[in-house]
1. Just to verify a result, which residue in the range 1-15, among those that are crowded, with 20+ Cβ neighbours inside 10 Å and at pLDDT 90 or above, is farthest from Glu47 (Cα to Cα)?
2. Give me the pairs: first residue in the range 12-25 and polar (S, T, N, Q), second residue outside any strand (DSSP E or B), beta-carbon distance under 8 Å, and six or more apart or on different chains, which are they?
3. Yes or no: the range 19-35 includes at least one residue that is of a type outside the set (Phe, Trp, Tyr), assigned to a helix (DSSP H, G or I) and open to solvent by 40 Å² or more (accessible area, probe 1.4 Å).
Amino acid sequence: MRIRRIDSDALLGADYDAERSVLTVQFESGSIYEYFDVEPELYAELETAQPHPWRVVGERVREHRYRRLA
């Protein structure tokens, strides 16, 4: 899995698998999470909300089921 770098104060990067509707996020701490059943519009909003994307959509992303990968 390759996570695309994001210009953010809280995130190192994020990636979205449209086929599975899974958003993968790597935080500045190095932690990586997968969020399930994420709508493509939410990922698009994350991409355009720079430089503070997690402040804009983080609360809505955290409402989704997730698992920690690292």
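The values are calculated or read from the model by the stated rules, or taken from the named source; none is laboratory data. Because the structure is a prediction, the values reported are computed rather than measured. Here Cβ is always computed from backbone atoms with ideal geometry, including for glycine, and neighbour counts include all displayed protein chains. The protein model used for the area step is the full one, side chains on, heavy atoms only, and it has no ligands, DNA or RNA in it. Shrake-Rupley method; radii C 1.70, N 1.55, O 1.52, S 1.80 Å.
1. Leu11
2. That search, which allows pairs on different chains as well, returns Ser21/Asp37; Ser21/Val38; Ser21/Glu39; Ser21/Pro40; Thr24/Met1; Thr24/Ile3; Thr24/Leu69.
3. Among the residues of the range 19-35, not one is of a type outside the set (Phe, Trp, Tyr), assigned to a helix (DSSP H, G or I) and open to solvent by 40 Å² or more (accessible area, probe 1.4 Å), which makes the answer no.
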